[in-house]
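This report refers to the structure that appears directly beneath it.
The values are calculated or read from the model by the stated rules, or taken from the named source; none is laboratory data. Please read all numbers here as calculations on a predicted model, not as lab measurements. As a convention, Cβ positions derive from the backbone with ideal geometry for all residues, glycine included, and neighbour counts pool all protein chains shown. Quick note on the areas: whole protein, heavy atoms, side chains included, nothing else; ligands and nucleic acids left out. Shrake-Rupley method; radii C 1.70, N 1.55, O 1.52, S 1.80 Å.
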Amino acid sequence: MVSRKLLIIGDTHIPDRALEIPRQLLKIIESERPYDIVIHTGDYTSEEIYRWVKSLGREVYAVEGNMDWLGLPISEVFKLGKCDFGVVHGDQVYPRGNIRKLTLLARELGVKILISGHTHDPFIKEYQGIYHINPGSLTGTWSGCGGSMKPSLIIAYYSEPTLKLLLYELDRGLGKLSVKEFKISI
């Protein structure tokens, strides 16, 4: 039986909108290293952050965000078990996070699970047979349309046929870290 650990992050915006990753989230990331698969949805905004992301795991799927100039692909596709995953920044659709248009994009890529960013607001949901995963912004920075302003990340555990996702969100005002669990059968 295949068992894999995934880190799903995005929209770091260091150093243009944030100076660092919040300590509570960095501690979680570091304590779970190494990851089998690391996914970043773009908007690193520095090569230093991109290099750090690449150091976190064995396989890395990294896409270019609308504020990056790193020469990365605009989409990535990979297989986990019998399921095809796609990774995009999300700036390909308007308005940001439009689930119908993201679903069309997932179908174009031929994937059952689409991981995207750009909204700075995390979500995990299913729409018309496609699962959508958005880790939000690792640093909790503002986006062009607001966002949650809460730093967030997802750590996922795959054990065929289940993908268990833990969404971590930090409320900086209260200093409170919350964790929500989701399960997807793939």
* Report the residue count in the stretch 19-53 for those that are farther than 13 Å from S152 by Cβ and open to solvent by less than 10 Å² (accessible area, probe 1.4 Å). => 9
* Structure fact -> Among residues of the stretch 141-168 being surrounded by fewer than 19 Cβ atoms within 10 Å (Cβ to Cβ) and part of a strand (DSSP E or B), the residue modelled with the lowest pLDDT is G146
* To do: Could you tell me whether L138 is loosely packed, with under 14 Cβ neighbours inside 10 Å, assigned to a loop (DSSP other than H, G, I, E, B) and of a type outside the set (K, R)?
  => no
* To do: Just one of (1) modelled with pLDDT of 95 or more; (2) assigned to a loop (DSSP other than H, G, I, E, B); (3) small (G, A, S) trips up A106, so point out which.
  => (2)
* If you go through the stretch 109-126 one residue at a time, do you hit one that is out of contact with any strand residue (DSSP E or B) (no Cβ under 8 Å at 6 or more places or on another chain) and surrounded by fewer than 20 Cβ atoms within 10 Å (Cβ to Cβ)? -> no
* Structure fact -> Within the stretch 169-186, restricting to residues that are among the acidic types (D, E) and open to solvent by less than 50 Å² (accessible area, probe 1.4 Å), the one that is farthest from the chain's Cα centre (by Cα) is D171
